[in-house]
Each structure stands twice: as structure tokens, then as C-alpha cells.
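The values are calculated or read from the model by the stated rules, or taken from the named source; none is laboratory data. Since the model is a prediction, treat every value here as computed from it, not as a measurement. For neighbour counting, all protein chains shown are included, and Cβ atoms are generated from backbone atoms with ideal geometry for every residue, glycine included. Quick note on the areas: whole protein, heavy atoms, side chains included, nothing else; ligands and nucleic acids left out. Shrake-Rupley method; radii C 1.70, N 1.55, O 1.52, S 1.80 Å.
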Amino acid sequence: MAKPYREGKGWAVRVRVNNQSIYLSGFPTSAAARQASEEQRVALTNTGKPARLGPHRTTLGVALLDYGQECLGSRKGAPQDARRINRYLRAARLPTLKLTAVEGTIGNGTNYWTVTTEAKDTRNIPASLKTHRAEQQVRSAKSAEIRRQLANTPVAEVTPYAVQGLINALRAEGFKAATLERERSELRRLFSHCRKTWLWTKPAVNPASGLTMPTIDNVRDRVLSNAEWTAVSEKLQRYANPYALPAAALLIETAMRCSESLVHATWADVDWDINILRLRDSKGGARNVPLSPGAIAVLRKLQQCELAPLATQCLLPTTYEALKKAWTVACAAAGVTGVTLHDLRHTAATRYALEFNGNAALLKIITGHKTDSQLQRYVNLTAELVAGLMHGRSVDLARAPAGFTGMKHEGWMRALLSGAMPTSPSDSSNDALTPDAHPARCHVIHADFARRRV
């Protein structure tokens, strides 16, 4: 057994197992140092030789660099992870991670990115953002200093107290709870990787677990109404980007995410015979998106405008930032506030929940959610609407979710809510919204998507 020795005011010991020498220090007594050395010896004997240089000779920054190169290639959300990791790498003056998309990997579950390193910071910050970035640096000076200290600390010496200090600093600087959770999660995944894959026995517990974290309250329930959609669509019709209006209309008709319609969907993925869009990849993996009559009408218009689109061409050859700007400008011009592009997914889910009487199995196929709890976050019915149905009032179409033109069996839902069940949906006599009364039931997207030509 290794013999402890005096070092300053404390005790230290050196353990050598499997041709690896480990230095342990900072113990109050000789007995504590001896016990720690024995625990380290047993751990190394049982788990095998640690990968790389081990937790005592590897700083957190170096560990993040190695972890990023090993793990980010197969992760869809790798760009966001790389940005967070690179903050530590810059603080430690280490090379940063660079991701390059791998062609032909959509939906195959392998590597999405090629991960390389850059010796110098090659970020190109536009002149218009330099003032903003300078203000950010002043605002986050304390958290940046703590991050620098952590990045230069050996992994074995990182404590929950140190990670909690970073979280507290970020919170004091005004960062939102979701941002703090992503920062913590990145470190927690690293320490888990160190223990499970690299067989590092230190730290004894994951320093990023068990922290005091603020409650995340990012629930949204904003739904765009038919009246608001009419106003916004008129502004989008005049917007310079010819894809802005059809993109928004397609989101309302399909409940897709922006990334699904902008990045993953091509003309080859559209099955016109059975009205299906076959997404080869999405946030939850490959899935088939049912296309409503309104969605088919939007796609036909787009197809006509593109004349002869290639099968591999994206349905909407524009960017998210361009679409986001168009939506923001159109909403401001129309006097519509508080609605984001992602809220259109809430709008579509709520609309179809009304149209199909809350059939969760059917709605999950439309939205792509796998659980009822996920789906429920996007179905945002109001107490006012439900109360109206209870008292036999028809839905106010102007205030209903965009795209909604009436329920096939509105009386059936009223009877269900009131407890007086008819024998079948067709027996309901209160269905005021009949197809004859609403010939545009299939969709309410009455807009010209033709590209403007000079």
C-alpha cells in the first residue's frame, strides 16, 4: 500500500495501479489519505485501466474536447452542443470544434457530422453585431471567469459546488431557466461519459447532478385565430420572399415543425396518390405526415410556381431566418402580437383536436408526437370555447384556430360534454356546421402563392 506523506498543511499519496500513477492530495490526516488511496486502487482494479490520461491529469477543457470529437458526430443537435463546448475550449485556449454536415446520412441513424478542430477562432462577427457582443461580454463577465476556472480544473477535482457557482452566476446575469438546464446537461453528459466509457472513477459522483436549478416555465398556449391569419396572410402575400406565405400555410395545415418543412422535405417525399409526405428524418426520426386537402392545395400551387422542380429539391428553398423575418414583419404590419412560427404548430394541433373530437391516437399521427403528454402541450383549447359547446353555442369561426372551419359532429361533442350521449355521431341534430353551410371546409387558405415576377 502506498504510504501517505506530508504536503504543506495536509497529506498526499501516490497510487500506482496498472502502470498508471495517480497523485491524490489535500487530505486532513494520514488515515484519510491512506483510505482514499485504497479506494482508488480497488476502483482501478475492478474497472480496468482508464482511457486517455485519466481524470487527475486531464482538465475539464481537454475532456470536453475529446468528448466532442467522440460523440457529436452522431448527434442531431450537435451544433448547439458544439457552441456550448466551444465556450469552455476558448476559455482554456484550446482548439475549438468544427462540424461539417455529412451528405447522404438523413434518417440512417449514423453520423450526421464530421467533427474536426480549429486552432484559431474563425468566427466572423458582422459589424452590426459587434456592439451587441461587447454588451454580452460585459453582462456575462462573472460566468465567463467561472467557466475559465472550470475549464482549467482537472476533472477529478471538479465539485458540485463549482458547477453550482456557474449556474448561480448565469442566473444572476439574467439567463433563462432553459439555458441554465442546457448548460448543466452538457456537463452532466460529459461526466457520465467519463465514468461509463472512459472508466474514470473520479469524481465519485457526477458534479452536475443534484444541483439547485430554477423551474423551467416555457409552456406556450398562443393559438393564431382565423381572423388573425387572414390579416397576416394578406401581408405575407405582398412580402418579397415568395415562399413566406406558402411556408406558413403549410405549417398551419400539417402541424409540422419548421425544420421538417424547410430542411428535410423534398418533392420526392410527396406521395400524391395517398396524400402523404414521407419525412426521411425529423426530431423524432422518420415519419409519414398526413396531408390535408389544404396542404395538397398549397403544394400544388408551389409545384406550378416552380414549373418543373427536381425530385431532390426542397419544398421550400428558403431559410428559417428568412421565414422568421418575414413572419415578424407581416405580424407587425397586421397588428398581430405574441405569435411565433412555432405557435403555428400549436395552432394546427388545436385545430385538429377540434375537428377530430380530441382523438389522441389520430392527433399523434398528425403532429408526430409519441406520447399523450407531449401532444397535450400543443393542444390549447380554451375554457371559453368548451363552455360555449356545453351550452350549445356554435364555434365562433373568426376566433377559432387558423384553418378551422367547423367540426363534423359538433353536436356529438356537445352531447359528450353535457353527458347526454346520442347513439352515434350521425344521430346528433345540433350539427350547425354542415359541409353545405361551409363549402370551404377542406381548407381556408385562399391565397395566391404565385411568385411575383418583375
Practice item. Just give me the residues in segment 233-267 being open to solvent by 30 Å² or more (accessible area, probe 1.4 Å), assigned to a helix (DSSP H, G or I) and within 16 Å of residue 301 (Cα to Cα), in sequence order. Key: 237
Practice item. Please identify the pairs in which a residue from segment 205-230 that is more than 21 Å from residue 190 (Cα to Cα) has its Cβ atom under 7 Å from the Cβ atom of a residue that is of a type in the set (Ser, Thr, Tyr) and surrounded by 13 or more Cβ atoms within 10 Å (Cβ to Cβ), counting only partners at least 6 apart or on another chain. Key: 223/347; 223/350; 224/347
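Taking residue 151, is it closer than 22 Å to residue 86 by Cα and over 24 Å from the mean Cα position of the chain (by Cα)? Before you say what the answer is, go through the steps one by one.
Numbers: closer than 22 Å to residue 86 by Cα: yes; over 24 Å from the mean Cα position of the chain (by Cα): yes.
In short, yes.
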Exercise for review: Kindly check whether there is at least one residue in segment 37-53 that is among the acidic types (Asp, Glu) and either modelled with pLDDT of 85 or more or on the phi > 0 side of the Ramachandran plot (or both).
Suggested key: no
Exercise for review: Return yes when residue 363 is more than 25 Å from residue 275 (Cβ to Cβ), under 29 Å from the mean Cα position of the chain (by Cα) and either aliphatic (A, V, I, L, M) or modelled with pLDDT under 90 (or both) and no when it is not.
Suggested key: no
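Would it be correct to say that residue 141 is buried (at least 19 other Cβ atoms within 10 Å of the Cβ), among the small types (Gly, Ala, Ser) and at pLDDT below 95? Steps first, please.
Values: buried (at least 19 other Cβ atoms within 10 Å of the Cβ): no; among the small types (Gly, Ala, Ser): yes; at pLDDT below 95: yes.
Criteria not met by residue 141.
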Review point. Only one of these conditions is not met by residue 332: (1) modelled with pLDDT of 90 or more; (2) within 17 Å of residue 260 (Cβ to Cβ). Which number is it?
Key: (2)
Check your understanding: How many of the residues making up segment 309-354 are within 21 Å of residue 295 (Cα to Cα), polar (S, T, N, Q) and exposed (fewer than 15 other Cβ atoms within 10 Å of the Cβ)?
Key -> 3
